[in-house]
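The values are calculated or read from the model by the stated rules, or taken from the named source; none is laboratory data. For clarity, every value in this text was computed on a predicted model and none was experimentally measured. Please note: Cβ atoms are built from the backbone with ideal geometry, for glycine as well, and neighbour counts cover all protein chains shown. SASA here: full protein model, heavy atoms, side chains in, ligands and nucleic acids out. Shrake-Rupley method; radii C 1.70, N 1.55, O 1.52, S 1.80 Å.
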Amino acid sequence: MQRLIVLITTLMLAACSNPRQEVTVQLANQVLLPAHQQWQSRNAALLDSTRAWCSGDQPLASLEQAFHQTQSAWSRLQPLMVGPLSEGNRSWQVQFWPDKRNMVARQTEDLLNEFADLTQPQLEGASVVVQGLTAFEYVLFDEQAALTDNRGRYCPLLTGIARHQLTLSNEVVGLWQQPDGMLETLTSFPNGRYANADKALGGILRVQVTGVDTLKKKLGTPMGRLNSGVPQPYQAEAWRSRHSTENLLASLTGAQAVWERVRSLVGDAKLVGDIDAAYKSVRDKLAALPAPLMNMVEDKANQPQLQSLYADLDALENLQQTDLARHLGIQIGFNANDGD
Amino acid sequence: MSLTRRQLLGVGAAVAGAATLGGWALWSGRGQSPLLLSARNDDAGQHYAVGYFLDGRRAFATPVAERCHDVCRHPFLPLALFVGRRPSRESYLVDLRDGTLVQALHSQSQRHFYGHAVFHRSGQWLYATENDTGEAGRGVVGRYRLDSQRLQLIHDGEVSSHGVGPHQLAWLPDGESLVIGNGGIRTEGGSREAMNLDTMAPSLVVMDRHGERISKETLPQSQNSIRHLAVAADGTVITGQQYHGAPWDSVPLLAIKRPGEAYQPFPVATSQLAMMKQYTASIAIHNEKRLVAMTAPRGNRFFIWDLDSAATLVDAAMPDCAGVGAVPGGFAVTSGQGKCRYFDCRSREVTSRWLELPDAWWDNHLGLA
């Protein structure tokens, strides 16, 4: 017993004497795992709410509210999804974006035309396109679905999606918490994935930087940056629920939660100030958007405001990917981002 | 010290016999650990052709102008060509004893390298996959003669690769037939942008070194680009694919052609395919152990399977795993982001340890000398 206490004390002292390990452990315990658990609990609430609405015990507004909260938890989680959720095609099961060919609407209707009384195994055997929140959003908000008039048609699908999401999040949180799971991998070194805490911190930062890059894509795509400048409003994430901006803000919050912990490792006061200012500027500009993103991009008069927001996101990404990475001596991407 | 022909050929004669024993024979025969060769960057983005002994000692790190991809060793001289990564127009012939840059090899006009090449067993010829940018996407195999007087590779013609976008090539055991992965992707000029994702036609071609086609086989999915490969001592070919269709599609990212059999998917578990993010990088075969290893850098995953039974020996997380090569007892694996690793396969319970090599910035392939 005495030996064990000595060992634990030694390990704790070792951790405390290594600020990067300390920050990595904090991030795992206090930011990453809780974000996964919040997503899990929102999925549980969504399933409850779906069942209640389908049985006539709850107004539609309550279901919409539960959906928004789930979507928000998922958005916040995206810059934080180190490990299981980013592996094995799991994240595609949560959200289908970008949907360049309106596959969600088409495949959802095709599925329900094929299976009038959809069962869970039938949904599990179907494409990821119809298993996630984007298909749920289509049913809930798209006029084509006319949900309130077609409760019998859509309720098996809504319930099935909510159940699928809860099962998926249970599995992912399980993979975090099990012995030798992701939490242990990010808090005890060396291990099979990371040789030391530096490598784990690098892994977390890479996911976070990728999350910021995804924010740029989610803004830039409807602006028409991939379409010769011609706006593509229906390429906005969550255009049907008009919640694109709220989702972007939630993702920014997730990314910033990593920075808030990493900040203590940065000795360069100017760099700290620049990154703090970049987060504030992006947040302020996002919050100031007066209308849903799909409506904003359609009006040319809004272009300067959107371009300015995009430029700030770009600056934030560069500050982290280049300046912060160099300051910390962490390498963000090589073959995985630019292979052959 | 500059390299002379006499010195080089003297070394060549001494090691010619040892070279036939295996990739690592050149140095292990002299009591040293294998020499790992790779393209690598530094933190500032400078490109290097490097050689490190597996025990961590640096043999050389030669600055080069362009990023390289694979490395091909001369069969008996202490020379290797670090091959320019597409669309590079330069490759670098390096003296493995001290890293001296012997030659910067320039591609022909309207040609660029695709990152892979092989020396013929005679040591006199080198074959490199190249893109004909004058007839965009036409795959060619450039032939180079090693001028033994001047120690220079000299372009000596080319033949068709019988497909678009040829990538890795390797010798079959006869030493005269080449197997080539035609990735099927057309790029133009100095660009890396794919121009034909909807009309891709990747293929696995076997041809003699003079260009005569022996076979041409395909996989069912036209967007499944056949890129990397390795050949076992018995002639079994394993290929690794990069899929350009939907990210959630489940397609064969590993395929096999056993001698006398048709080219077909290697039976990899669906769950393993899902971990690869539609992208495989480097493949190596351990002939003594009959094992095949593969890196999937986008999925941050490294695998080892039994070549004959397809049983999984290793399915491990490894951030941005890059090059893999067979070494005594197992495999050495480099990483673009993390630490390099050795997998000890001397028993069926594979163990691993971190290698004392520099962290990160290793390109997707490695060679061993």
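Here are a few things to note about the model shown:
- A count restricted to segment B:109-131 and to residues that are more than 17 Å from the chain's Cα centre (by Cα), in contact (Cβ under 8 Å) with a residue 40 or more places away in the chain and open to solvent by 50 Å² or more (accessible area, probe 1.4 Å) stands at 1.
- Segment B:319-361 holds strands (runs of 3 or more DSSP E) entirely within its bounds, and those carrying 2 or more residues that are more than 9 Å from chain A (Cβ to nearest Cβ) and without any contact (Cβ under 8 Å) to a residue 60 or more places away in the chain map to B:330-335, B:341-344, B:351-354.
- Flag if A:K217 is out of contact with any helix residue (DSSP H, G or I) (no Cβ under 9 Å at 6 or more places or on another chain), more than 13 Å from chain B (Cβ to nearest Cβ) and under 21 Å from A:L80 (Cα atoms): yes
- Inspection of segment B:240-249 finds a residue satisfying the criterion of being under 27 Å from B:V71 (Cβ atoms), in a loop (DSSP other than H, G, I, E, B) and within 14 Å of chain A (Cβ to nearest Cβ).
- The listed residues are B:D320, B:D359, B:D315, and the only one of them that is open to solvent by 10 Å² or more (accessible area, probe 1.4 Å) and modelled with pLDDT under 95 turns out to be B:D359.
- Test: residue in segment B:258-272 that is touching a His at 6+ places or on another chain (Cβ under 8 Å), within 25 Å of A:G83 (Cα to Cα) and within 9 Å of chain A (Cβ to nearest Cβ): no
- The set of residues in segment A:73-130 being β-branched (V, I, T) and within 14 Å of another protein chain (Cβ to nearest Cβ) consists of A:V82, A:V94, A:V104, A:V128, A:V129, A:V130.
- All positions within segment A:287-323 that are part of a helix (DSSP H, G or I), of a type in the set (A, V, I, L, M) and either within 14 Å of chain B (Cβ to nearest Cβ) or in contact with a Ser or Thr (Cβ under 6 Å, 6 or more places away or on another chain) (or both): A:L293
- Applying the condition of being in contact with a strand residue (DSSP E or B) (Cβ under 6 Å, 6 or more places away or on another chain) and closer than 15 Å to A:G83 by Cα to segment B:303-318 and asking which residue is farthest from the other protein chains (Cβ to nearest Cβ) yields B:D315.
- Test: B:L253 is open to solvent by less than 30 Å² (accessible area, probe 1.4 Å) and within 26 Å of B:C72 (Cα to Cα): yes
- Note on segment A:151-195: residues that are over 30 Å from A:A126 (Cα atoms), in contact (Cβ under 8 Å) with a residue 40 or more places away in the chain and either within 14 Å of chain B (Cβ to nearest Cβ) or assigned to a helix (DSSP H, G or I) (or both) total 4.
- Scope segment B:132-147; condition over 19 Å from the mean Cα position of the chain (by Cα) and over 19 Å from B:A104 (Cβ atoms); matching residues: B:D132, B:T133, B:G134, B:E135, B:A136, B:G137, B:R138
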